1. At what distance in angstrom do the alpha carbon centres of the stretch 30-49 and the stretch 60-110 lie from each other?
2. Taking one equal scatterer on every alpha-carbon of the stretch 36-110, how large is log10 of I(q)/I(0) by Debye at q = 0.15 1/Å?
3. So what's the net charge close to K52: Lys and Arg +1, Asp and Glu -1, counting the other residues with Cβ under 12 Å from its Cβ?
4. Quickly work out the I82-to-W100 label distance, labels modelled 7 Å from Cα along the C-beta direction, and quote it in nm with one decimal.
5. Which chymotrypsin sites (Phe, Trp or Tyr not before Pro) in the stretch 26-97 pass both tests, a DSSP loop state and at most 13 other beta-carbon atoms within 10 Å?
Amino acid sequence: FMSDADTKTYYWLNGKVDFVAADAGYRLENILVRGRYNTPASEIFESVNLEKGSPLLSFNSAETKEKLLQQDWIETVTVKRILPNTVSIDIQERVPMALWQKENKLFLVDNREYQGYCSIQQLYQLHQ
């Protein structure tokens, strides 16, 4: 276990490393997303939680993966940093197999019996 002073030193050094790395060009410039068809792009970028120019070394890919897996459409996802300036997100979305109505709400059911809420607008967009 670290003392309070050790913890403060650790975070101070970690911040300095991020700053030096960002100054050396390790800043976010690109986010590559593959496999997104039904998941709203805004939800993906919200999960990444980085702005262009942010230090790439402070990006937590495991945390981002967990956030993305909470989205209804996303079945599996791989999140990677590609140095010096890119985050890569490979998504495999669920494939709807059936439409189920319960209590005046629509749900899409996939082949693994996962049920995700679906609005009429989302259902219409599936057919486009």
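Quick note: the coordinates plus some simple rules give every number you see, no bench work behind them. None of these values were measured; they are calculated from a predicted model. Here Cβ is always computed from backbone atoms with ideal geometry, including for glycine, and neighbour counts include all displayed protein chains.
1. Between the Cα centre of the stretch 30-49 and that of the stretch 60-110, the gap is 9 Å.
2. -0.57
3. -1
4. In this crude label model, W100 to I82 measures out at 3.8 nm.
5. Answer by residue number: Y37.
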